[in-house]
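Enquirer: Take this structure, written in structure tokens, and hold onto it; I'll ask about it next.
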Amino acid sequence: MRKSGCKRRVVCTLGMAIVLLAIPRLGIRLAAAQQDTHGADKLTGNWVVKVPNADGTFRKTYFNLKQENQRISGYIRSTQFYFQIVEGTGGPDGFTLVGAMKDGNTERRQRYEGKLVGGDELHLSTRRRPDTPLIEMVAHRAPEGEGAMPARIPPPALHKVPDNGLARTPPMGWNSWNKFAGRIDDVTVRSIADAMASNGMKEAGYVYINIDDTWEGERDAKGNIQTNKKFPDMKALANYVHGKGLKLGIYSSPGPNTCAGYEGSYGHEEQDARTYADWGIDYLKYDWCGARTLYSDAEMQAIYQKMGDALRATGRPIVYSLCQYGRQDVWKWGADVGGNLWRTTGDIQDKWESMSGIGFRQNELAEWSKPGHFNDPDMLEIGNGGMSETEYKTHMSLWSILAAPLLAGNDLRNMSPAILEILTNREVIAVNQDREGKQGKQTWKSGDQEIWTRQLTGGAAAVALFNRSNEAAKIAVRWADLGVSGTAHLRDLWLHQDIGWQGPEYSATVPGHGVVLLRVSK
Ligand code: GLA
């Protein structure tokens, strides 16, 4: 049988007619194809979107494209992300790029639509998520090589970094991120230090003033990290903070970029540690973010160890705070890389659901917390306005039961007496700072009511009656359940009152989202 051909005259005629009809269309297609050939590689090149950060630095997104007719390949490097283009179609008049990157166990994807305008501008748009507003941007041609991902430096072999002897109790202080994010600068840090030194917080034990992301500038010709315009002189700032009897903390990433897209410490770990020491820095928060472009989660430990070694080599006591969102069971190795604390979760938000969701999820991690090495369920939101005072008391109580770092995240210059009182409740802080450093655990739960207990020095205990429901509820503690026999001394740490012994059980009505925090001692 022949493979093709006209079996019957009618079919053949029809076929000819279709071919004839198609010829003018073919003509149009050919013309279009010629146009395409014309723009077949017009998108090829290195393109950059530069958005000024108002501190002399830019938020940069690079599109390194190779166009072959309707196919576009290459990569997109956007602040802390590095996407390979896995779907790239279209031409100068309209194209779609889908970038994909591995991030731990998940894959991130980012989609852009764009077109070439006037030969030298790419007009692009994207959405962070399908339900968020369209972000529009204009890219211009950039020199080839600019913005290219640096070569991967293999992770070092694992070893144990000796304990630095710091943070025998959970660090206490303040961090800029929750309230100020990218709007933090030298003047604000100084005034926050002034506030902490004069409003009773310092006396209550708060000492670290930690600058989070967005202080970073570019590197100089020798590779030394510089500050951006918001921080004209970090050494002078450290002197100022030290002059108040406080300590200064800073932030970086093991990746080429930080979460906000600023310069990270990648390939400059020792150099940066020396710079921090020279400036007089006392605390480093080291945030995974940009490192995910070069390393797998399995390599995290080695990468964190690198900075642990670098900090140690400076000879300056610098608290080392690991921030990698609790991935890779960090509590099992955080201490081995010299970490004094390690984040156990993603970012906290100033909302009851976020704070309580994080706080009440920490039960399983209790055994990993000890003097010098603490689980970090993230910074405080107390006073930022998204929760009620009752909820903030729960936040403070829970973080104290958990032996969590107490890093205030509000505007210390401007807070109500009630918020200041929550942050400086010395009886609650004494629970947090108990020198045995044992993290508390849930010892009873019924529906939305939970009792958590933390063992304290000298055989005492902190017992928290938490009510996670919206409505007030009566919660009873049976002392025998907690191993308390006979009578004991009871004190309510929010009312600052001793409570008479009421027999084998103590019960209290706890407001919705509230807490009754007791100290029980013989
Ligand atoms: C991450 C961290 C936050 C904060 C920001 C800064 O999201 O988890 O605590 O440091 O980065 O960019």
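The values are calculated or read from the model by the stated rules, or taken from the named source; none is laboratory data. This one's a predicted model, so the numbers in the text were calculated from it and none came from an experiment. Here the Cβ is made from the backbone with ideal geometry for all residues, glycine too, and neighbour counts use every protein chain on show. The accessibility values were calculated without ligands, DNA or RNA, using every heavy atom of the protein model including side chains. Shrake-Rupley method; radii C 1.70, N 1.55, O 1.52, S 1.80 Å.
Enquirer: Report yes if Arg312 is open to solvent by 10 Å² or more (accessible area, probe 1.4 Å) and either within 16 Å of the ligand (Cβ to nearest atom) or in contact with a Ser or Thr (Cβ under 8 Å, 6 or more places away or on another chain) (or both), otherwise no.
Expert: no
Enquirer: Among the numbered conditions (1) within 16 Å of the ligand (Cβ to nearest atom); (2) out of contact with any Phe, Trp or Tyr (no Cβ under 6 Å at 6 or more places or on another chain); (3) assigned to a loop (DSSP other than H, G, I, E, B), tell me where Tyr251 comes up short.
Expert: Against the list (1) within 16 Å of the ligand (Cβ to nearest atom); (2) out of contact with any Phe, Trp or Tyr (no Cβ under 6 Å at 6 or more places or on another chain); (3) assigned to a loop (DSSP other than H, G, I, E, B), Tyr251 comes up short only on (3).
Enquirer: Report every pair of residues separated by at least 6 positions or lying on different chains whose Cβ atoms are under 6 Å apart, first residue within segment 169-183 and under 10 Å from Asp212 (Cβ atoms), second open to solvent by less than 40 Å² (accessible area, probe 1.4 Å) and within 9 Å of the ligand (Cβ to nearest atom).
Expert: From segment 169-183, the pairs are Asn175/Asp212; Asn175/Met379; Ser176/Asp212; Trp177/Asp212; Asn178/Met379; Gly182/Thr214.
Enquirer: Further question on the same structure: Those residues that are open to solvent by less than 20 Å² (accessible area, probe 1.4 Å) and more than 16 Å from the ligand (Cβ to nearest atom), I need them from segment 168-185; list them, please.
Expert: Once the filter is applied, which keeps residues that are open to solvent by less than 20 Å² (accessible area, probe 1.4 Å) and more than 16 Å from the ligand (Cβ to nearest atom), segment 168-185 yields Pro170, Met172.
Enquirer: Let me ask another. Residues of segment 197-216 being within 16 Å of the ligand (Cβ to nearest atom) and of a type outside the set (S, T, N, Q), which ones?
Expert: Correct list: Tyr208, Ile209, Ile211, Asp212, Asp213, Trp215, Glu216.
Enquirer: Mind listing whichever residues of segment 318-331 are hydrophobic (A, V, I, L, M, F, W, C) and either within 16 Å of the ligand (Cβ to nearest atom) or more than 15 Å from Trp368 (Cβ to Cβ) (or both)?
Expert: Answer for segment 318-331, where residues must be hydrophobic (A, V, I, L, M, F, W, C) and either within 16 Å of the ligand (Cβ to nearest atom) or more than 15 Å from Trp368 (Cβ to Cβ) (or both): Ile318, Val319, Leu322, Cys323, Val330.
Enquirer: Among (1) surrounded by fewer than 20 Cβ atoms within 10 Å (Cβ to Cβ); (2) not in a loop (DSSP other than H, G, I, E, B), which single condition is Ser485 missing?
Expert: For Ser485, the failing item is (2).
Enquirer: So which residues in segment 488-522 are surrounded by fewer than 13 Cβ atoms within 10 Å (Cβ to Cβ) and of a type in the set (Gly, Ala, Ser)?
Expert: Result: Gly500, Gly503.
Enquirer: Any idea which residue in segment 228-248 is farthest from Glu146 (Cα to Cα), counting only those that are open to solvent by 20 Å² or more (accessible area, probe 1.4 Å) and either within 16 Å of the ligand (Cβ to nearest atom) or out of contact with any helix residue (DSSP H, G or I) (no Cβ under 8 Å at 6 or more places or on another chain) (or both)?
Expert: Among those residues, the one meeting the criterion is Gly243.
Enquirer: Collect the residues in segment 58-95 that are under 29 Å from Lys230 (Cβ atoms) and either surrounded by fewer than 19 Cβ atoms within 10 Å (Cβ to Cβ) or among the basic types (Lys, Arg) (or both), keeping them in residue-number order.
Expert: Within segment 58-95, Phe58, Arg59, Lys60, Arg77, Thr79 qualify.
Enquirer: Yes or no: Gly261 surrounded by fewer than 21 Cβ atoms within 10 Å (Cβ to Cβ) and either farther than 29 Å from Gly147 by Cα or of a type in the set (Gly, Ala, Ser) (or both)? Can you show your working first?
Expert: Working: surrounded by fewer than 21 Cβ atoms within 10 Å (Cβ to Cβ): no; either farther than 29 Å from Gly147 by Cα or of a type in the set (Gly, Ala, Ser) (or both): yes.
Here the answer is no, as Gly261 does not meet what is asked.
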